[in-house]
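Take a look at the structure set out below.
Just so it is clear, none of the values below were taken in a lab; they were calculated from the coordinates. Source: prediction; values computed, not measured. All Cβ positions, even for glycine, are placed from backbone atoms using ideal geometry, and neighbour counts span all protein chains on display.
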Amino acid sequence: MELHFDELLKQITDFIKTEAKTETVVGKAFDLGEFKCVPVIKVGLGFGSGGGEGFEKKDLKGEGMGAGAGVGIEPIGFLVTKDDEISFLEAGKTHGLAALFEKVPDLIENLAKARMTQEEEPV
């Protein structure tokens, strides 16, 4: 068996080229009303290979090789443009009305505490 590490490395490199791209995870840039959105990703990759051969006796020879690769792709946010303005919105973070609604319970609690404090103060 011949060991062809150069062919193996080319196959791994081709795999990474096809898999480690924005379109694989969240799609191409898109329009949302008057906004243009471009996904931003985080890519982690690793690969390794190894091989060896050995002799047990004069006429018995063994050899082998192996390789592996892994790619981790995670969307981290979007670049959003409107006219001349560019913003970055993080994925998984709440913004706008969603963020406001998440804060409503705390706001109500703080208002209730403030009202109780005002009622307790002597006039």
Next on the checklist: What distance in nm separates the two pseudo spin-label positions at N110 and D31, each 7 Å out from Cα along the beta-carbon direction?
Outcome noted: 4.0
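Between L79 and E19, what FRET efficiency comes out of the Förster formula 1/(1 + (r/R0)^6) with R0 = 22 Å and r the beta carbon distance, rounded to 0.05?
It comes out at approximately 0.50.
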Checklist entry - What is the packing order of peptides 36-43, 111-118, taking the mean over residues of other C-beta atoms within 10 Å and listing the highest first? => result 36-43, 111-118
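Where Lys and Arg each count +1 and Asp and Glu each count -1, what net charge lies around G54 among other residues with Cβ under 12 Å from its Cβ?
Result for the neighbourhood of G54: -1.
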Item to check | Debye equation applied to the C-alpha atoms of segment 5-92, log10 I(q)/I(0) at 0.10, 0.14 Å⁻¹ | outcome: -0.46, -0.66
